[in-house]
Amino acid sequence: MKSTDIGNPDYFHKVVDCQWACPAHTPVPEYIRLIAAQRYADAYMVNWKSNVFPGILGRTCDRPCEPACRRVRVEDEPVAICRLKRVAADNKGDVEHMLPPKAAAKNGKRIACIGAGPASLTVARDLLPLGYEVHIFDAEKKGGGMIRTQIPRFRLPESVIDEEVDFILRYEPVTHFGTRIDSLKEFLAQGFDAVFVGTGAPRGRDLNLPGQKEAAANIHIGIDWLSNVSFEHTDKIGKRVIVLGGGNTAMDCCRTSRRLGGEDVKVIVRSGFDEMKASAWEKEDAMHEGIPILNFLSPKEFTHENGKLTGVTFTKMHWVEDGGRKKLVPTGEPDVHYECDDVLMAVGQENSFPWIERDVGMEFDKWDMPVVDPVTFQSTIPNVFFGGDAAFGPKNIIWAVAHGHDAAVSIDLFLNGGDVLQRPPPGTSMMSTKMGIHEWAYDNDVSLDLRYKVPLVEPEIALRNVKIEVEKGYDQLLGYKEAQRCLNCDVQTVFAAPLCIECDACVDICPMDCITFTENGEETELRQRLQAPALNVTQDLYISETLPTGRIMAKDEDVCLHCGLCAERCPTGAWDMQHFYLEISHAGCAPKSPATRKREPAPA
Amino acid sequence: MTYIAKPSLHHPSLEKNALGFTRRDYEGRISTLCAGCGHDSISASIVQACFEIDLAPHRLAKFSGIGCSSKTPDYFVSPAHGFNAVHGRMPSVLTGANIAAKDLIYLGVSGDGDTASIGLGQFAHAVRRGVNMTYVVENNGVYGLTKGQFSATSDRGSKAKKGAENKDSPIDLVMLALQLGATYVGRSFSGDKTQLVPLIKGALSHKGTAILDVLSPCVAFNNHVGSTKSFDYIREHNDAVNRMDVISPRAPIRADYAPGELKEVVQHDGSILRLRKVADDYDSTDRNAALGYLARKAAEGEIVTGLLFVDPDAHDLHDGMNTVDTPLNKLTDADLVPPVSALEKINASLR
């Protein structure tokens, strides 16, 4: 194998699994250390800069970081990254003075954001401090989009939404709330320099089953019903409720039903429990509230009597192999019927653009969705950009934020005569954490604690009111203990081959058998004959240049604890623990040339 | 030295031996020696060897004297018995323990000072008596704890860190052990675990006195240009006579080497030492030839390593003394105190 090019920012970025997995590439270990140091405001700002909504995401994020966490591979459960973010938000105090200053002068360019959801708000936040005049349009009276309409209050209190939306509104965008845009053609005539479409995926999918028309009064589309609850248009539901669908919206629907008078609430899904789209923890939370999840039942018909819904008939399903592919088909057993008073359909969401005229000059694909560049988020009308669910269908808030950042970079480049395809490289730095012979600027003593549970409000109280936040969140002590579980994967093991005397000290001390000195070879073969076989091919091998004995140092990054013992036991400083910091470039960051990247050598 | 404990987390694929232990179960406390010390590699090799021969930790008894090397029994096989003796007196304490409890596996760990200087007499007599033990000398040619004076194994002409040259003749512990009748003699290098681990495994399963002289560079005081015990010097002058695999009595025997290049030695406990020759003219079962070969190579400035001599039919101290099979410390009053009738019998015989 060739020796590893650690100058490529991707190499060490990949080692920080959580940051690599995060669509917005939030420097997770960095803020977790700040939480452990009780520097909550600083931790909040690291988040705010990167993901814009730490308080909101700390309660609602889909957490792509957690399954990626190295702790899963060395122990069992990931660090509770998401809920630690909430600790930072809950304890931050006043951060107004830490927010970037408002633009001293306007640059004369006008941007319109259609929709006031997370993607649009991110675009606004990135562009407003640069001097752009940003107009935000939304049909609702307040900003927030789906954050405000679809996420139930018991998971996300309104005060948290207000605070983080206000952090953006303080940069004084021109808000046109309560204004629905019905025609892109007319809208473009207003002459904005650039338009960002962040209208989400606002249409809940409908099943259109027999009996639905007759019993329509008690059959609701999940996201519409949730938004009616959020706006307090709806405040009760029947005693017996069936929720159809297995995604996170279904989980929100059933748990909301429990709080609005539903006593016998069931979730019924077409496929198996394991194939459900809902995150594992959301399923757990629902079941914890006494909601059974029944699987392999495909809804067939709504039954009704005198125009009133009486229940739903289901066909039993199972998986069969069909030419190597798994297919869900009826088992042939008799249908089953479940009685209920109300049905909530949460079987998916769709984008819909009835307000974009198809002759406006924008190209649509075969699914009748606008053609959007996945890197620049530019549509085929050069000054119209898309982001969030509106761009590539329903995802999660953190994706919308990531889209918003990228679209803002594109808009900034586009309006300054730059090439939107020339993306600015991330800003990175490497700095030794060595403070003494065996002292480091991070806590390298690995915590053996298991993941701490987030304290909850007792179910009897939580189920009384839809506005009572069910999770209490970690207090500062629990937050500290959970933060200590972080393995500091951003403190990198950096190897300097010229200093190595091949004494084996690092090999002997490494608790995870990550390090091997051996003859070089081809990757698949080399992976087999390391100190411990490196079977996780998604994780790189760190290969040194050839050493004086003709061997190489090969380090399997897979389960490294970043405990720094290799560096502590190294007599020559060939190993050093260096803090790697990567921040993706946001709008307005001048592209940095690789030569300006800081890389400090280890002290001898 | 390191303050934090080595995390107990381990690689998910870590293997278990026949006793259900992982290699990590044979570790000890974290070393307080200098970072990069060769002794730590030897400790790691002992850990590996004990793991591989499925040694029950409570059957091991560790002994040491004074010095950097003699601190190391704390850093491997924590559940084993242990005794840290007075400077140079470890062989006698070990001998005493061995007399009393012959059913344990004895491992003495010492250094060049503890063995070749203050403890030379003790060393010589333990070897001469054939005490059943593995005696590892962690040999760095320097007094590390007192900041790097030449030790008795330091080669003539070797340079100290500040440039002073050693004028005295060295004691070659391997030659000495051969002359004194040790029945398993090897030399190795802390930086070559593939050679060292099998040598330790073979020694632990050897019945008789096994002496391992392990060159172990002192990174703080004896790893510079001009030293004959530095990593670089040993690597350049390492003359391995053979490579060894130790095959446990339980393992199926597979012959996958060409005939002639292999020599198999069956030890008392049934374990097989499979020697792959590197030097053509070397026979590991010929004591006199070994002495001659070592003397010749020493004159050429080469460091001969490998299994230098083994006598598979060795006798140990207990054989010589004709002790009972039961360890002496397990004998009860009923075994040891003769009844009155026995006294009468003796008295009668003298009347």
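The values are calculated or read from the model by the stated rules, or taken from the named source; none is laboratory data. Since the model is a prediction, treat every value here as computed from it, not as a measurement. Note: ideal-geometry Cβ built from the backbone for every residue, glycine included; neighbour counts use all protein chains shown.
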* What's the number of the condition A:Asn91 fails, among (1) within 25 Å of A:Asp126 (Cβ to Cβ); (2) modelled with pLDDT of 95 or more? -> (1)
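Can you say whether B:Val304 is of a type in the set (A, V, I, L, M), at negative phi and surrounded by fewer than 11 Cβ atoms within 10 Å (Cβ to Cβ), as far as the supplied structure shows?
Details: of a type in the set (A, V, I, L, M): yes; at negative phi: yes; surrounded by fewer than 11 Cβ atoms within 10 Å (Cβ to Cβ): no.
When the stated conditions are applied, B:Val304 does not pass them.
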* To do: Working only within region A:146-204, note down all residues that are in a loop (DSSP other than H, G, I, E, B) and acidic (Asp, Glu).
  => A:Glu172, A:Asp182, A:Asp193
* Structure fact -> Among the residues of region A:198-233, the number that are under 30 Å from A:Ile136 (Cα atoms) and polar (S, T, N, Q) is 4
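State which residue is farthest from the other protein chains (Cβ to nearest Cβ) when the search covers only region A:563-582 and only residues that are surrounded by fewer than 22 Cβ atoms within 10 Å (Cβ to Cβ) and within 20 Å of A:Thr26 (Cα to Cα). I'd like the intermediate steps shown before the answer.
The first filter runs over region A:563-582 and keeps only residues surrounded by fewer than 22 Cβ atoms within 10 Å (Cβ to Cβ), leaving A:571-573, A:579, A:581-582.
If we keep only those that are within 20 Å of A:Thr26 (Cα to Cα) too, we end up with A:579, A:581-582.
On the way: A:His579: 18, A:Tyr581: 24, A:Leu582: 26 Å.
Out of the qualifying residues, it is A:Leu582.
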* To do: State all residues of region B:4-40 that are free of Cβ contacts under 8 Å to residues at least 12 places away in the same chain and either part of a loop (DSSP other than H, G, I, E, B) or surrounded by 14 or more Cβ atoms within 10 Å (Cβ to Cβ) (or both); if no residue qualifies, say none.
  => B:Pro7, B:Leu9, B:His11, B:Pro12, B:Ser13, B:Leu14, B:Glu15, B:Gly20
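Of all residues being away from chain B (no Cβ under 14 Å) and surrounded by 11 or more Cβ atoms within 10 Å (Cβ to Cβ) in region A:444-460, which is farthest from A:Val229 (Cα to Cα)? Just the residue, please.
Residue satisfying both the conditions and the ranking: A:Arg451.
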* To do: Examine region B:77-97 for a residue that is closer than 22 Å to B:Ser271 by Cβ and either within 13 Å of another protein chain (Cβ to nearest Cβ) or in contact (Cβ under 8 Å) with a residue 60 or more places away in the chain (or both), and state whether such a residue exists.
  => no
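Matching residues to (1) within 19 Å of the chain's Cα centre (by Cα); (2) at pLDDT 95 or above; (3) among the basic types (Lys, Arg); (4) in a helix (DSSP H, G or I):
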position: A:Ala391; (1), (2), (3), (4): yes, no, no, yes
position: A:Val401; (1), (2), (3), (4): yes, yes, no, yes
position: A:Gly404; (1), (2), (3), (4): yes, yes, no, yes
position: A:Ala407; (1), (2), (3), (4): yes, yes, no, yes
position: A:Arg423; (1), (2), (3), (4): no, no, yes, no
position: A:Met431; (1), (2), (3), (4): no, yes, no, no
position: A:Tyr442; (1), (2), (3), (4): no, yes, no, no
position: A:Tyr452; (1), (2), (3), (4): no, yes, no, no
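Please pick out the residue among B:Gly113, B:Gly144 that is more than 30 Å from B:His318 (Cα to Cα) and among the small types (Gly, Ala, Ser).
Exactly one of B:Gly113, B:Gly144 is more than 30 Å from B:His318 (Cα to Cα) and among the small types (Gly, Ala, Ser), namely B:Gly144.
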* Structure fact -> Checked against (1) over 27 Å from A:Glu66 (Cβ atoms); (2) surrounded by fewer than 18 Cβ atoms within 10 Å (Cβ to Cβ), A:Met287 satisfies every condition except (1)
* Structure fact -> Scanning region B:8-52 residue by residue, those among the polar types (S, T, N, Q) and within 15 Å of the chain's Cα centre (by Cα) turn out to be B:Ser41, B:Ser43, B:Ser45, B:Gln48
* Asked: Could you list, in sequence order, the residues of region A:314-363 that are under 30 Å from A:Met146 (Cβ atoms), over 33 Å from the mean Cα position of the chain (by Cα) and not assigned by TED's automatic domain parsing to the domain that holds A:Ser183?
  -> A:Phe314, A:Tyr338, A:Cys340, A:Asp341
* Structure fact -> Residue pairs within 6 Å by beta carbon, gap of at least six or interchain, first lying in region A:510-527 and more than 14 Å from chain B (Cβ to nearest Cβ), second surrounded by fewer than 18 Cβ atoms within 10 Å (Cβ to Cβ) and of a type outside the set (S, T, N, Q), listed first then second, are A:Glu523/A:Met1
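Check region A:406-414 and report whether any residue there is more than 14 Å from chain B (Cβ to nearest Cβ), buried (at least 18 other Cβ atoms within 10 Å of the Cβ) and under 30 Å from A:Gln578 (Cα atoms).
Initially, region A:406-414 is screened for residues more than 14 Å from chain B (Cβ to nearest Cβ), giving A:406-414.
Then keep just the ones that are buried (at least 18 other Cβ atoms within 10 Å of the Cβ); that gives A:406-414.
Those still in the list that are under 30 Å from A:Gln578 (Cα atoms) too: A:406, A:409.
Yes, that holds for at least one residue.
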* To do: Starting from region A:136-155, keep only residues that are free of Cβ contacts under 8 Å to residues at least 12 places away in the same chain, then list their pairs with residues that are crowded, with 19+ Cβ neighbours inside 10 Å and among the polar types (S, T, N, Q) whose Cβ atoms are within a distance under 7 Å, requiring at least 6 positions of separation or different chains.
  => none
* Structure fact -> Among strands (runs of 3 or more DSSP E) entirely within region B:103-192, at least 1 residues that are more than 14 Å from chain A (Cβ to nearest Cβ) and over 20 Å from B:Gly82 (Cα atoms) occur in B:133-139, B:184-189
* To do: Pick out the one residue from A:Ala441, A:Ala400 that is touching a residue at least 60 places away in the same chain (Cβ under 8 Å), closer than 30 Å to B:Ser8 by Cβ and away from every other protein chain (no Cβ under 14 Å).
  => A:Ala441
* Structure fact -> Counting only residues in region A:129-143 that are surrounded by 23 or more Cβ atoms within 10 Å (Cβ to Cβ) and not charged (D, E, K, R), the one nearest to the chain's Cα centre (by Cα) is identified as A:Gly143
* To do: Scan region B:56-70 for residues that are in contact (Cβ under 8 Å) with a residue 40 or more places away in the chain, more than 17 Å from B:Lys207 (Cα to Cα) and not aliphatic (A, V, I, L, M) and jot them down.
  => B:Phe63, B:Ser64, B:Gly65, B:Gly67, B:Cys68, B:Ser69, B:Ser70
* Structure fact -> In region A:483-509, anything more than 10 Å from chain B (Cβ to nearest Cβ) and either farther than 14 Å from A:Leu547 by Cα or at pLDDT below 95 (or both) is listed as A:Ala483, A:Gln484, A:Arg485, A:Cys486, A:Asn488, A:Cys489, A:Asp490, A:Val491, A:Gln492, A:Thr493, A:Val494
* **Filtered residues of region A:57-90 (kept if assigned to a helix (DSSP H, G or I), over 17 Å from A:Ser279 (Cβ atoms) and within 14 Å of chain B (Cβ to nearest Cβ))** => A:Arg70, A:Arg71, A:Arg73, A:Val74
